[in-house]
């Protein structure tokens, strides 16, 4: 927990000291005054108390890549906004704390599934028949592209009815407040290996999306995120 997170947690606790929770009017007033003083001292507003940044455990390629589309799709499904550090490949989701956590969890699960299927693909005869490393790299990228296309469609279906433009806009406004110099990411160039792309499409169709949080992290496990996303906003 960062120093700012600790301050925000302290403010939340102070704001819970109300008459309805058993405090006297004097105690409640003192707690509210202390909370307001801390918020003013650290430049925090109501939005800051609700929002959080959650960093994904798995980095993404530095250059524009088909995997970037998955990053954005997860953000759209969870009403958060994603930021990619092009120097480190770090992906961060910003938004209401529980939604940002869900976004990072979901993206990491799907990335793990892609990595697992890529390893299997690279053992296949079709991949080994590629004569050059350049051809193999292109086939791998096309395979991932196919997987991402299908996983995005499945994400939309899994999170259907849970998009909230107002929450998404709050998430973007808060991220832009923290990072005003963020630029739009580049668009990856399409690949030209339709066979490898079709293999990726087939692989993505078999990724498990219904396991719980405690399931094997090699596969996407979205049941818990789907349940939690309906929680407090």
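The values are calculated or read from the model by the stated rules, or taken from the named source; none is laboratory data. Only a predicted model underlies this, so the values are computations on that prediction, with no experimental measurement involved. Cβ sites come from the backbone with ideal geometry, for glycine too, and all protein chains shown count toward neighbours.
Given the criterion over 16 Å from the mean Cα position of the chain (by Cα), over 30 Å from residue 137 (Cα atoms) and at pLDDT 80 or above, identify the matching residue among 7, 11.
Working: 11 fails: at pLDDT 80 or above.
Answer to the selection: 7.
Just to be sure before I move on: is residue 65 in contact with a strand residue (DSSP E or B) (Cβ under 9 Å, 6 or more places away or on another chain), outside the structural domain of residue 13 (by TED's automatic domain parsing) and either buried (at least 16 other Cβ atoms within 10 Å of the Cβ) or modelled with pLDDT of 90 or more (or both) in the structure I sent?
no
So which of 129, 119 is under 18 Å from residue 201 (Cα atoms), loosely packed, with under 13 Cβ neighbours inside 10 Å and either in the same structural domain as residue 194 (by TED's automatic domain parsing) or in contact with a helix residue (DSSP H, G or I) (Cβ under 8 Å, 6 or more places away or on another chain) (or both)? Steps first, answer last, please.
Values: 129 fails: under 18 Å from residue 201 (Cα atoms).
So the residue among 129, 119 that is under 18 Å from residue 201 (Cα atoms), loosely packed, with under 13 Cβ neighbours inside 10 Å and either in the same structural domain as residue 194 (by TED's automatic domain parsing) or in contact with a helix residue (DSSP H, G or I) (Cβ under 8 Å, 6 or more places away or on another chain) (or both) is 119.
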Handout entry: Criterion violated by residue 85 - all others in (1) surrounded by fewer than 17 Cβ atoms within 10 Å (Cβ to Cβ); (2) in contact (Cβ under 8 Å) with a residue 24 or more places away in the chain satisfied
Key = (2)
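Looking only at helices (runs of 4 or more DSSP H) that lie completely in region 119-233, which have at least 2 residues being modelled with pLDDT under 90? Walk me through it before giving the result.
Details: elements: 125-128, 133-158, 165-178, 194-205, 223-228.
In region 119-233, 133-158, 165-178, 223-228 are the helices (runs of 4 or more DSSP H) which contain 2 or more residues that are modelled with pLDDT under 90.
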Completion exercise
For residue 22, the lone unmet condition from (1) surrounded by 16 or more Cβ atoms within 10 Å (Cβ to Cβ); (2) modelled with pLDDT of 85 or more; (3) out of contact with any helix residue (DSSP H, G or I) (no Cβ under 6 Å at 6 or more places or on another chain) is (1)
